[in-house]
Each structure stands twice: as C-alpha cells, then as structure tokens.
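The values are calculated or read from the model by the stated rules, or taken from the named source; none is laboratory data. None of these values were measured; they are calculated from a predicted model. All Cβ positions, even for glycine, are placed from backbone atoms using ideal geometry, and neighbour counts span all protein chains on display.
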Amino acid sequence: MPSTDCRLYLITPPTLPEKFEEFLAAALDAGDVAAVQLRLKDVPDDVILKTIDRLRPIVQNRNVAFLLNDRPDLAVKSGCDGAHIGQTDGGAKQARKILGDLTMGVTCHNSRHLAMEAGEAGADYVAFGAFYATTTKEPPEMAEIETLKLWAETMEIPCVAIGGITAENCSPLVQAGAEFLAVVGAVWNHSQGPAEGVKSLLRAIAAAG
C-alpha cells in the first residue's frame, strides 16, 4: 500500500470546549479528513444525543464519516455513520447486529489475534495503539509498530493507528502501512489552532510517503 494512502481520523477532545462547532468546521475545512469520532465518557444519553445533533451535520455535510464511540445503539438512533467499540463495550458480534450495514471499528490494542476476531465479527477497520505516550486516556498496553506492519502487509481489513500521534512522530506509522492516523491532541491542542494541526499532520503524512 502506498504510504500516501494514509488519511486522518479525528477524535474529539475529552471535554468539548466552547465554540467547538467552529473548531471542528475549521479542522475539517483545512484538508482531507476521513472520519470524526465523538468520544464522550460518563455522560447521560441525552447529552450524547444532543451533542450528536450539534456536530453530526457539520461533519456529514463535508462528506466525512461521523462515528460514535462505545454506543452502537445510539449511533443507529441518531443517524451516525457507525460506531467504534472497545474490548469492554459488549462485543463486536453484538455491535455488528445493532449497526447493520453501518461502519464498525474495534480497538485491538497490540493484538493481531484480537484484530482477527474483530474481522470475523464484521469489523470494517481495526485500531492498534497506543503507539506513543498519550494524556487522552490510559492505554492497557503500548503497541508495537511491527504489529501494525504485519497486519497491513497480510490482511485486507484497514488498520488505524492511535495514541499520542503527532506530525513529528507519525512517519514510522505511515511507512508501516497504517491506513488511518487517529489523533486528538495534535489537532485540538495545536498552538496555532485545529486547522493548522490538520495541515501539519497532512504535510507530515505526505512527507512520509
């Protein structure tokens, strides 16, 4: 797979700042983004649904996939394009039944075995990570680039790299064959704003090719 096939996958920050709609629109207008995942932890369903209603049109109107973390049921209910589930979110097989034809991604940490199980359950992509230190969430283990490389070389299901990824450290992941780079802080916490965060990552992806 040519390295330049790699695309950006944005995950929302742990706490959405004021005017996040403006930040999101600016980020998406700055360059090619494949998907946005809304990740809200420990909040009521009604808050999740209201947030989806605010953000989903901004994403989908730009022909970008809008995915919901953890909750395939709410993803279906609210018009999302799919859901991303972890290893403790009820199982990929059950999520696939709920999602139907919608996109399903599965967290697989550093395990090709978990990724194969996810593929058998109908995952549209698998996510490996964390590859680098991250303050967004505490990973159960760190992932090895070799895991990503072997998967990309031998399997057809697309793979996402996640965890502490920045414009400065993404090159090995792109060269290993990651189809998507999932990023949080490198965009939303960029010193010059989210739009520049996206642009700098896209420049780094292109340079890695």
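So in the stretch 35-88, with the set limited to residues that are of a type in the set (Gly, Ala, Ser) and part of a strand (DSSP E or B), which one is farthest from Glu138 (Cα to Cα)?
Only one residue fits best here, namely Ala65.
Can you go through Ala75, Ala121 and tell me which one is of a type outside the set (S, T, N, Q) and crowded, with 20+ Cβ neighbours inside 10 Å? Before the answer, list the steps.
Details: Ala121 fails: crowded, with 20+ Cβ neighbours inside 10 Å.
The match here is Ala75.
Please verify whether Asp32 is surrounded by fewer than 18 Cβ atoms within 10 Å (Cβ to Cβ) and either at pLDDT below 95 or hydrophobic (A, V, I, L, M, F, W, C) (or both), treating the condition exactly as stated. Quick ask: steps written out before the conclusion?
On the way: surrounded by fewer than 18 Cβ atoms within 10 Å (Cβ to Cβ): yes; either at pLDDT below 95 or hydrophobic (A, V, I, L, M, F, W, C) (or both): no.
No, not satisfied.
Residue-by-condition table, conditions (1) at pLDDT below 95; (2) touching a Lys or Arg at 6+ places or on another chain (Cβ under 8 Å); (3) over 22 Å from Leu68 (Cβ atoms):
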site: Thr88; (1), (2), (3): yes, no, no
site: Thr107; (1), (2), (3): no, no, no
site: Arg112; (1), (2), (3): no, no, yes
site: Ala115; (1), (2), (3): no, no, no
site: Glu120; (1), (2), (3): no, no, yes
site: Met142; (1), (2), (3): yes, no, yes
site: Glu179; (1), (2), (3): no, yes, no
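If you scan the stretch 99-115, which residues turn out to be surrounded by fewer than 17 Cβ atoms within 10 Å (Cβ to Cβ) and either farther than 18 Å from Pro140 by Cα or aliphatic (A, V, I, L, M) (or both)?
Of everything in the stretch 99-115, those that are surrounded by fewer than 17 Cβ atoms within 10 Å (Cβ to Cβ) and either farther than 18 Å from Pro140 by Cα or aliphatic (A, V, I, L, M) (or both) turn out to be Gly100, Asp101.
Looking at the stretch 147-166 only, could you name the residues that are surrounded by fewer than 22 Cβ atoms within 10 Å (Cβ to Cβ) and assigned to a loop (DSSP other than H, G, I, E, B)?
Met155, Glu156, Ile157, Pro158, Gly164, Thr166
Restricting to the stretch 183-197, and then to whatever is crowded, with 21+ Cβ neighbours inside 10 Å and of a type in the set (Gly, Ala, Ser), can you tell me which residue is farthest from the chain's Cα centre (by Cα)? Explain how you work it out, then say what you get.
Here is the first cut: in the stretch 183-197, the ones crowded, with 21+ Cβ neighbours inside 10 Å are 183-184, 186-188, 194, 197.
After this cut, where a residue has to be of a type in the set (Gly, Ala, Ser) as well, the list is 186, 197.
Numbers: Ala186: 13, Gly197: 16 Å.
That would be Gly197.
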